[in-house]
Amino acid sequence: MTHAPFTLLHHIGAGDLPSDNGAVFELRSPTDGALVGRVARGTGFEVDLAVAAARAAFGAWSTTPAPARGEVLFRAALLLQARKEAIAEVMAREMGKRLEEARGDVQEAIDTAFYAGSEGRRLFGHTAPSELSDKMGFTLRRPIGVVGVITAWNFPVAVPSWKILPALVCGNTIVWKPAEEAPASGALFAQTLWDAGLPEGVLNVVHGFGDEVGAAIVAHPDTRVLTFTGSTPVGRSIAEIGGRMLKRVSLEMGGKNPVIVMPDADLSLAIDGVLWGAFGTAGQRCTATSRLIAVGDAHGRMLGDLVRRAEAMRLGDPLDAATEVGPLVSEAQRARVHGFVERAVAAGASLKCGGSIPTSAALGGGWFYPATVVDGVQRGSELAMSEVFGPVLAVIRAADFDEAVEIANEVPYGLSSSIYTRDVNAAMRAVHRLQAGITYVNAPTIGAEAHFPFGGVKDTGNGHREGGWAPYEFFTELKTVYFDYSGTLQRAQIDNREG
Ligand code: NAD
């Protein structure tokens, strides 16, 4: 199917506009290199305009009753449902995610919109008794101001929805820079909010690159809150700048997620899970299974079947239902992934399948890389420790449960983790000992649900969580109210004490 290339503009205040300097960048399909669209390339100038629009909109939006704000999100959820297929198709074309998974990406935003919409009728504070008579205390949640949102390309709708929808229902206004590799599906997501009745200026979108638009959002004195998903080095720099400016900063960054398979596990279930975890979205997930830690004889008993099935995974057009592994997002990303495999093999690891750039004419022009399994990966080696962000599974052997947990925990990251076992004691010990924000038992490392907290420890995050109930705390300022109805001066810590 051929599509005419589109033109994507910024959306600031009431409408769409090109860059002041007229600059654009081209978006090319990772599947065949075809021109998908031309995108306005913003600068600090557009960021200034967008922040001003968001500031101007803050007064009215922050005082709109939260249940009414939530109703906008419910309407957006219904529009997203109606437009799910169209958005998923654009996503598959622009960044190469298989259509089935792209639909899941949009579904996550729909689920989040319903959850966030309902939060408009909660946004609970606390009440507590006072230590004095005829006095009470309670807390309430106040919107903060303009939120700067910066997101990665691999979940172009789901991840932004985790940030934007809670921030909105909490009464904040937003300047968002979608990833430059996948701006179009994100723009369609934003359009559902505008079409659902979000007032002008409440959500502003500025397209462009990280060091131009992203950096300007981070450094702008009026973005009091920053929420970022992307790589650990960029997140670290955002935390440094935001920290100096006393901004509230939430970071979701890289992962190196392990699946531990114990000898007593249902190995066929474990193989299903490892294949889905490692090669779903061509491994380009922060939660991708990038390490299989096979304990004892689980290694020998599962590796043959695992490799046979990985080898058979079909590369192809993400819009073709028969495709099992789509292209990587860019040529640079493919070269990076291939480099990890080449260096691991040169260092003595054993390539079991994949590991070479396809030459088939049918895949010509696309950034494809096959499902790759590397066995005999040594603890502490580059492939054991670094995030690859591609369809590469490192297999590491462990003698027993304790060694497996030690291996799982020795990377700098801590996002997702998993153990396959039938032993409830081993499962619970792993739940407590694995250093990760998420642990799955008898399931792969991927598959977050909108109503549970999502995030990681160590170099993956800075202590915040998206999804579930946590972001409503992040996107609000807590106000404590003391209400004295005694009609007298009552002095805490003094009048209710003898002597
Ligand atoms: P990246 O850090 O290069 O880019 C992410 C976003 O930050 C993009 O919008 C980019 O334009 C912007 N950016 C880049 N430099 C910037 C700067 N100096 N100032 C402000 N913004 C800047 O990440 P990527 O390589 O595109 O994405 C892949 C990474 O994202 C992986 O490490 C992956 O694990 C991570 N990720 C994490 C999660 C999570 O929830 N933990 C989810 C998805 C992806």
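The values are calculated or read from the model by the stated rules, or taken from the named source; none is laboratory data. As the structure is a computational prediction, the values presented were derived from the model and not from experiment. Cβ atoms come from the backbone with ideal geometry, glycine included; neighbour counts cover every protein chain shown. The accessibility values were calculated without ligands, DNA or RNA, using every heavy atom of the protein model including side chains. Shrake-Rupley method; radii C 1.70, N 1.55, O 1.52, S 1.80 Å.
All alpha carbon pair distances within region 232-340 were sorted into 5 Å bins beginning at 0; the resulting P(r) in whole percents reads 2, 10, 15, 17, 16, 13, 10, 8, 5, 3, 1. With both labels modelled 7 Å from their Cα along Cα-to-Cβ, the His451 to Asp211 distance reads 4.5 nm. Say R0 is 30 Å: what FRET efficiency, to the nearest 0.05, do Ala56 and Leu246 get from their beta-carbon distance? Efficiency at R0 = 30 Å is approximately 0.80.
Averaging the Cα positions of each part gives two centres, and for region 243-307 and region 146-221 these lie 29 Å apart. Residue by residue, region 341-354 carries 3J(HN,Hα) couplings of 5, 4, 5, 5, 5, 4, 7, x, 6, 10, 6, 9, 6, x Hz when phi is fed to the Karplus relation 6.51 cos²θ - 1.76 cosθ + 1.60 (θ = phi - 60°); x denotes Gly or Pro.
Summarised in one figure, the compactness ratio Rg/Rh of region 413-485, Cα atoms and Kirkwood Rh, is 1.17. The base-10 log of I(q)/I(0) for region 340-499, evaluated at q = 0.13 Å⁻¹, reads -0.81 [Debye formula, identical scatterers on Cα atoms, solvent excluded]. Note on Leu269 and Asp20: with the Förster distance fixed at 56 Å, the Cβ-Cβ geometry gives a FRET efficiency of about 0.50. Summed over the residues of the chain and divided among them, the accessible surface reaches 40 Å² per residue at a probe radius of 1.4 Å.
Between Glu498 and Ala427, the distance separating the two model label sites (each 7 Å from Cα on the Cα→Cβ line) works out to 5.7 nm.
At 0.36 nm per residue, and after removing the present C-alpha to C-alpha distance, how many nm does the segment from Ala347 to Met136 gain when stretched out fully?
Working: separation 211, 0.36 × 211 = 75.96 nm, distance 6.69 nm.
Extra length available between Ala347 and Met136 comes to 69.3 nm.
Computed from label points 7 Å out along Cα-Cβ, the spacing between Glu403 and Arg336 is 3.3 nm. Once the Kirkwood radius over Cα pairs is known for region 91-219, the Stokes-Einstein relation at 4 °C and 1.567 mPa s delivers a diffusion coefficient of 80 µm²/s.
The three principal axes of the C-alpha atoms in region 1-156 carry coordinate ranges of 73, 38, 23 Å, sorted with the longest axis first. Counting protein heavy atoms only, the chain has 54 percent of its accessible area on carbon and sulfur, 1.4 angstrom probe.
Dividing the Cα radius of gyration by the Kirkwood radius, what Rg/Rh value follows for region 75-146? Reported Rg/Rh (Cα atoms, Kirkwood Rh): 1.32. Rounded to whole numbers, the Karplus 3J(HN,Hα) couplings from phi for region 327-338 are x, 7, 5, 7, 5, 5, 5, 5, 4, 5, 4, 4 Hz, using 6.51 cos²θ - 1.76 cosθ + 1.60 with θ = phi - 60°, and x at Gly and Pro. Quantify how much of the Cα-Cα distance distribution of region 330-410 extends past 14 Å, in percent. Cα-Cα pairs in region 330-410 separated by more than 14 Å: 63 percent.
For region 161-171, 3J(HN,Hα) computed residue by residue from phi via the Karplus equation (6.51, -1.76, 1.60; θ = phi - 60°) reads 5, 4, 9, 5, 5, x, 4, 5, 5, 6, x Hz, glycine and proline entered as x. Taking one quarter of the surface of the C-alpha convex hull of region 157-302 gives a mean projected area of 11.2 nm². If Rh is defined by the Kirkwood formula over all Cα pairs and Rg also comes from Cα, what ratio Rg/Rh do you get for the chain? That ratio is 1.02, to two decimals.
Given the rule -39500 (n - 2.57) for each run of at least 4 DSSP H residues, summed and divided by the residues of the chain, what is its mean residue ellipticity at 222 nm, to the nearest 500 deg cm²/dmol? Walk me through the numbers before you get to the answer.
Numbers: 14 runs with 184 residues, N = 499.
Per the formula, -11500 deg cm²/dmol.
Under 5 Å from the amide H of Ala34 lie the amide H atoms of Ser29, each residue being 5 or more positions distant or on a separate chain, with H modelled from the backbone and absent for Pro and chain starts.
What does the extension gain come out to for Met385 and Thr127, with contour length at 0.36 nm per residue minus their alpha carbon separation? Walk me through the numbers before you get to the answer.
Values: separation 258, 0.36 × 258 = 92.88 nm, distance 4.66 nm.
Difference between extended and current length: 88.2 nm.
The residue among Gly148, Gly171, Val39 whose Cα reaches farthest toward the positive pole of the charge dipole of region 13-171, with charges on the beta-carbon of Lys, Arg, Asp and Glu, is Gly171.
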